[in-house]
Amino acid sequence: MRVQGVGVGRGVVTGPVLRMPEPLPEPSDRPRSNTAAWESSRAEAALRETAHDLSQHAEHTTGEARAVLEAQAQMAQDPSLLTDVRSRIAAQKTAERAIFEAFHTFQQMLLSMGGYMAERASDLGDLSQRTIAHLRGVPVPGIPDSDTPFILVAHDLAPADTVGLDLERVLGLITSGGGPTSHTAILARAKALVAVVGVGDVDALVDGAEVLLDAAEGTVTIDPTPEDVQTARRRLGRRRSKVPVGPGTLADDTPIPLLANLTRADEAQAARELGAEGVGLLRTELLFLDADRAPSIAEQVEHYQRIFEEFPGRRVIVRTLDAGADKPLAFLPVDAAEPNPALGMRGLRAFRGDDSILRDQLRALAIAADSCRADVRVMAPMIADAAETARFVLLARELGLGTAGVMAEVPSAALLAAQILGIADFVSIGTNDLTQYTLAADRQLGALAEYQDPWHPAVLRLIRMIGDAGGQSGKPVGVCGEAAGDPLLAVILVGLGVTSLSMAPEALADVRTELRQHTLEHARLLASRALAAATPAEARLVMTEG
Ligand code: PEP
Ligand code: MG
């Protein structure tokens with residue numbers, strides 16, 4: 001049996017699946033019906049089981065992860081926590097509710113202490129869920145604890161979960177939700193993890209079922225035959241690119257710099273080995289997903305320096321925090337109850353009232369840039385018009401950053417590209433959001449994956465407007481959305497006026513190979529044909545039919 005989704009990358013992997021249980025809801029606060037002694041003994045047993053699981057898990061782990069697991073096991077057995085749970089049970093709470101409240105109080109206390117203690121606060125939420133799961137006799141929520149490698153099946157993952165996936169154990173990822181440009185897909189691509197997202201129905205994928213994940217085809221085959229596996233591997237082998245690593249150029253030697261999208265410093269070396277000529281998008285919000293308080297200037301400088309030092313003399317484009325909607329940051333003053341977060345206080349808009357966090361970030365970037373030889377440039381996310389552009393660009397310059405640009409990911413920014421480029425030093429097109437907002441199709445929603453397609457002629461027309469404005473102003477126009485990593489679409493983008501492309505490092509080789517097949521004139525001809533298409537499928541035909 002085979003199910004279809006949207007593949008991330010091109011890899012192929014086989015293995016047994018494990019499903020990720022959904023988070024448990026908050027236990028109700030109705031009074032207990034059992035005796036206090038009975039509820040207390042249940043709570044104590046569940047805490048012991050939690051500590052035991054974590055200690056066992058620690059034994060099979062090394063380094064920092066082991067220390068974290070051991071510390072968590074100790075926290076679950078903390079005598080003051082136990083006393084607190086007992087006194088709550090004495091005050092009529094059920095064991096579940098007492099555990100929930102006790103961990104919550106403990107968590108608030110750590111947060112108020114700040115520093116290292118505050119960073120440990122999120123571990124307590126995990127401990128609370130684990131213990132309540134034991135009390136209810138249901139699977140522990142979160143990434144399954146398995147000592148043998150598996151393919152993870154989930155509805156969707158939080159960005160922090162995806163970033164933290166242990167690639168020694170997680171061979172691949174299948175999600176029922178999420179579109180091709182969801183942050184789960186982007187982070188999986190950054191980790192070079194084979195993934196198929198937006199599969200819809202994953203009921204047939206029971207724990208232990210053997211599957212073949214083929215990302216290039218976007219398929220999940222349950223109980224594959226040896227021939228299925230061989231065919232997929234052979235296809236993968238044929239697709240491997242042969243062009244040597246080097247700068248991106250067209251057939252007529254027009255340079256098209258090929259840059260990397262990075263989330264962390266430890267991805268930089270692999271990106272350079274794959275030929276990244278610099279960084280076209282550093283998603284800074286992903287550096288601080290776990291932080292409960294805003295990182296200090298000194299902490300940020302350290303993070304940024306580590307990345308800048310990897311690219312001496314190269315351009316590194318840093319995007320200021322793009323939080324809100326699907327990438328919440330605990331320390332940003334964003335109203336969690338907004339009815340439409342993707343249309344809310346997201347990106348630069350999160351700093352409308354109080355911009356101190358943005359100012360600190362720009363100061364940290366200026367300090368880090370001054371201490372390294374990278375050509376550091378900054379850009380702001382979610383810019384709608386010239387007024388927002390001016391606000392950001394002036395602030396960046398005031399705080400010591402010489403080159404400041406903006407992302408074009410809201411359709412209005414494309415319509416007003418000439419005005420925006422009159423102020424900003426460059427524009428980088430975020431095709432993921434530009435597609436979501438142009439077609440009104442939530443990028444998190446697998447069911448609307450067909451509309452999350454940057455080949456859509458409506459999106460191509462907006463990109464052409466930005467490309468034209470770039471040509472007229474003589475300022476660079478890059479693309480850093482997932483579209484840049486699609487080799488055939490990369491040619492069309494260049495034909496529409498795009499001057500650099502930034503992508504997950506593993507996509508660099510294929511894009512480099514394809515660009516070398518076309519002159520600028522030919523790319524422009526293909527782009528004009530794609531613009532005339534009525535559907536994404538018709539636009540694709542321009543490339544496949546020559
Ligand atoms: C985009 O929207 O295309 C983009 C690059 O930003 P992000 O995917 O982080 O929203
Ligand atoms: Mg975006």
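The values are calculated or read from the model by the stated rules, or taken from the named source; none is laboratory data. Just so you know, these numbers come straight off a predicted model, no measurement behind them. All Cβ positions, glycine included, derive from the backbone under ideal geometry; neighbour counts span all protein chains shown. Note: accessible area is taken over every heavy atom of the protein model, side chains too, but ligands, DNA and RNA are not part of it. Shrake-Rupley method; radii C 1.70, N 1.55, O 1.52, S 1.80 Å.
Within the range 317-332, is even one residue open to solvent by 50 Å² or more (accessible area, probe 1.4 Å), over 16 Å from residue 381 (Cβ atoms) and at pLDDT below 90?
Yes, the range 317-332 has at least one match.
Could you tell me whether residue 405 is open to solvent by less than 10 Å² (accessible area, probe 1.4 Å) and within 28 Å of residue 504 (Cα to Cα)?
Answer is yes for this residue.
Say whether the condition of being out of contact with any helix residue (DSSP H, G or I) (no Cβ under 9 Å at 6 or more places or on another chain) and away from ligand 2 (no atom under 14 Å from the Cβ) is met by at least one residue in the range 394-409.
Yes, there is a match, as at least one residue in the range 394-409 is out of contact with any helix residue (DSSP H, G or I) (no Cβ under 9 Å at 6 or more places or on another chain) and away from ligand 2 (no atom under 14 Å from the Cβ).
Scan the range 310-317 and tell me whether some residue there is within 16 Å of ligand 2 (Cβ to nearest atom) and either farther than 17 Å from residue 289 by Cα or in contact with a Leu (Cβ under 8 Å, 6 or more places away or on another chain) (or both).
yes
How many residues does the range 157-193 hold that are open to solvent by 40 Å² or more (accessible area, probe 1.4 Å) and more than 12 Å from the chain's Cα centre (by Cα)?
Residues that pass the stated criteria total 6.
For residue 207, are the conditions met, namely being away from ligand 2 (no atom under 16 Å from the Cβ), at pLDDT below 85 and surrounded by fewer than 23 Cβ atoms within 10 Å (Cβ to Cβ)?
no
So residue 480 passes all but one of these: (1) within 12 Å of ligand 1 (Cβ to nearest atom); (2) modelled with pLDDT of 95 or more; (3) open to solvent by 10 Å² or more (accessible area, probe 1.4 Å). Which condition number does it fail?
Looking at each condition in turn, residue 480 falls short on (3).
I'd like the residue in the range 73-98 that is touching a residue at least 40 places away in the same chain (Cβ under 8 Å) and within 14 Å of residue 54 (Cβ to Cβ) and, out of all such residues, is most open to solvent (accessible area, probe 1.4 Å). Spell out how you get there, then give the answer.
Just the residues of the range 73-98 that are touching a residue at least 40 places away in the same chain (Cβ under 8 Å), to begin with: 75-76, 85-86, 89-90, 92-98.
Then drop every residue that is not within 14 Å of residue 54 (Cβ to Cβ), which leaves 75-76.
On the way: 75: 30, 76: 1 Å².
The extreme case among them is 75.
Examine the range 373-390 for a residue that is surrounded by fewer than 20 Cβ atoms within 10 Å (Cβ to Cβ) and among the hydroxyl-bearing types (Ser, Thr, Tyr), and state whether such a residue exists.
Looking through the range 373-390, none of the residues is surrounded by fewer than 20 Cβ atoms within 10 Å (Cβ to Cβ) and among the hydroxyl-bearing types (Ser, Thr, Tyr).
Only one residue in 359, 363, 349 is within 22 Å of residue 400 (Cα to Cα), open to solvent by 50 Å² or more (accessible area, probe 1.4 Å) and within 16 Å of ligand 2 (Cβ to nearest atom), so which one is that? Outline the logic, then answer.
On the way: 359 fails: within 16 Å of ligand 2 (Cβ to nearest atom); 363 fails: within 16 Å of ligand 2 (Cβ to nearest atom).
From the options 359, 363, 349, the qualifying one is 349.
Going through 70, 101 one at a time, which residue ends up being open to solvent by 70 Å² or more (accessible area, probe 1.4 Å) and either within 28 Å of residue 330 (Cα to Cα) or of a type in the set (Phe, Trp, Tyr) (or both)?
After ruling out the rest, the residue left standing is 70.
Could you list, in sequence order, the residues of the range 285-300 that are open to solvent by less than 20 Å² (accessible area, probe 1.4 Å) and at pLDDT 95 or above?
Residue satisfying the conditions is 300 alone.
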